[in-house]
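Everything on this sheet refers to the single structure shown next.
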Amino acid sequence: IFPGSKDAAGRRATLGVMGGGQLGRMFVHAAQRLGYFTAVLDPDAKSPAGLVSHHHIQSDYSDPAGLAQLADLCQAITTEFENVPSQALQKLAQTRPVAPGATVVGIAQNRIEEKAHFAACADISGVTCAPYAVIETPAQLQAALEGRTDLMPGILKTARMGYDGKGQIRVKTTSELAAAWAELGGVACVLEKMLPLTAECSVLVARGWDGQVVSFAPQSNVHVEGILAVTHAYEGNMPPALATNARDAAVAIAQHLGYVGVLCVEFFVVDDGSTHGGLVVNEMAPRPHNSGHYTLDACDASQFDMQVHAMAGLPLPKPRQHSPAIMLNLLGDVWFDASGQLQEPNWQAVLSLPGTHLHLYGKSEARVGRKMGHLTITGPDIASVKTVARRAAELLR
Ligand code: ADP
Ligand code: MG
């Protein structure tokens, strides 16, 4: 699907996205830059992507009329939001190419299936996930209570709908487990062993309909209270062998899934040296990812460009990072001063620092913990990027 092409009715090539959040917005920007028209399906009248798209279908994700309208408008469809109902993607796929597909999105939506997939391709990826047990029934809870002290201290995570550390409870001993499961509503969960992390990293892979695969170098991530805070994207952000292993593992995972589109695989790094140089696979996101936002400013093709290319069947260019980068996530917290008053951050000072690239998502109001935007710092060398990032972080505290 080339950007300039028209359909039988003479309508311009249009790419669609399920979900209108910031990832959808940056996808829309990338698609439009190439000359595509865009359509966003999101129930929110003021969704960040809906605000900048040619078409905004304001309907529920599973509304048949909305889905029919999206399929009618678009030549190919993607998703920006991993909890999109997979039946909706299935429905769209009856008439349009949908990337990533309903099956793989369904796997990524469910930690139990996701871990089973990681286990199924451990031989080719070389990585395993943290030791865990599935808790879906009272009997499984009982079994974990009695037999899985090896998973303590642990972390109980809902199988579905968790993000940014939500839907998780940390448990020190099995005596806390029953209460934690009840607090999560007794829904399907995984109980994972808490690992002594020395670092976290993630890898972005893009795979085309023809099986062509490209990947970005791994970025190292710092989370605060379960939410990504800082991404370090430059050579030397992790030991070279670890970077190679993470990249190879992510590509193997995408290939084993028969994935089409951009996939982000998140890893833990532990210091026990037990598996693959301490690399443990955590989870995957079937879409561009917050940790890949630096690619917009530091690479010659961004993760959003890759999503456009992959879904539209364009060649996938091997991305080249032309500048070291650090990304600072801007949560709504930054908009509140010490006394809790809402106040616009000091952009004047931030933007006067060299190599700062501000991305705001157009959300109408700042709330604590809400992702409002991000700031990427690029520069001629790692030392200067670090210096500017430190200064920017001080200004944004
Ligand atoms: P989410 O879907 O919310 O991103 P994650 O499973 O990635 O859920 O957990 C969020 C963060 O919590 C991780 O990035 C990591 O910092 C921490 N965490 C999660 N699981 C473990 C674990 N088994 N051991 C140590 N830290 C963990
Ligand atoms: Mg995560």
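The values are calculated or read from the model by the stated rules, or taken from the named source; none is laboratory data. What you see is a predicted model; the values in this text were computed from it and never measured. So basically every Cβ, Gly included, is an ideal-geometry build from the backbone, and we count neighbours across all protein chains shown.
What to note about this one:
- The residue that is farthest from ligand 2 (Cβ to nearest atom), counting only those in the range 95-105 that are part of a helix (DSSP H, G or I) and either of a type in the set (Asp, Glu) or surrounded by 18 or more Cβ atoms within 10 Å (Cβ to Cβ) (or both), is 102.
- Comparison of 158, 128 shows that the only residue that is touching a strand residue (DSSP E or B) at 6+ places or on another chain (Cβ under 9 Å) and at pLDDT 95 or above is 158.
- Residue match in the range 192-200 (condition: outside any strand (DSSP E or B) and within 16 Å of ligand 2 (Cβ to nearest atom)): yes
- Only residues that are of a type outside the set (Asp, Glu), modelled with pLDDT of 95 or more and not in a strand (DSSP E or B) were counted across the range 254-297, and they come to 18.
- Taking the criterion of being more than 12 Å from residue 153 (Cβ to Cβ) and part of a strand (DSSP E or B), the only residue of the range 171-189 that qualifies is 189.
- Comparison of 332, 362, 340, 355 shows that the only residue that is touching a residue at least 40 places away in the same chain (Cβ under 8 Å), out of contact with any His (no Cβ under 9 Å at 6 or more places or on another chain) and at positive phi is 362.
- Exactly one residue among 76, 120 is crowded, with 16+ Cβ neighbours inside 10 Å and either under 24 Å from the mean Cα position of the chain (by Cα) or in contact (Cβ under 8 Å) with a residue 60 or more places away in the chain (or both), and that residue is 76.
- Looking at 179, 143, 229, 130, just one residue is surrounded by fewer than 19 Cβ atoms within 10 Å (Cβ to Cβ) and within 14 Å of ligand 2 (Cβ to nearest atom), and that residue is 229.
- Every listed requirement among (1) modelled with pLDDT of 95 or more; (2) within 12 Å of ligand 1 (Cβ to nearest atom) is met by residue 227 save one, (1).
- Total residues in the range 23-46, condition under 19 Å from residue 85 (Cα atoms) and either surrounded by fewer than 24 Cβ atoms within 10 Å (Cβ to Cβ) or touching a helix residue (DSSP H, G or I) at 6+ places or on another chain (Cβ under 6 Å) (or both): 6
- Residue match in the range 328-350 (condition: closer than 30 Å to residue 101 by Cα and either surrounded by 15 or more Cβ atoms within 10 Å (Cβ to Cβ) or at pLDDT below 95 (or both)): yes
- When residue 192 is tested against (1) modelled with pLDDT under 95; (2) in contact with a helix residue (DSSP H, G or I) (Cβ under 8 Å, 6 or more places away or on another chain), exactly one condition is not met: (1).
- Residue pairs whose Cβ atoms lie under 6 Å apart, separated by 6 or more positions or on different chains, with the first residue in the range 125-153 and at negative phi and the second among the aromatic types (Phe, Trp, Tyr) and in a helix (DSSP H, G or I), are 129/118; 141/181.
- For residue 360, the test of being of a type outside the set (Ser, Thr, Tyr), buried (at least 19 other Cβ atoms within 10 Å of the Cβ) and at pLDDT 95 or above is failed.
- Test set (1) more than 19 Å from residue 107 (Cβ to Cβ); (2) within 14 Å of ligand 1 (Cβ to nearest atom); (3) aliphatic (A, V, I, L, M); (4) surrounded by fewer than 14 Cβ atoms within 10 Å (Cβ to Cβ) - residue 161 fails condition number: (1)
- Check on residue 216, more than 16 Å from ligand 2 (Cβ to nearest atom), in contact with a Leu (Cβ under 6 Å, 6 or more places away or on another chain) and modelled with pLDDT of 95 or more: yes
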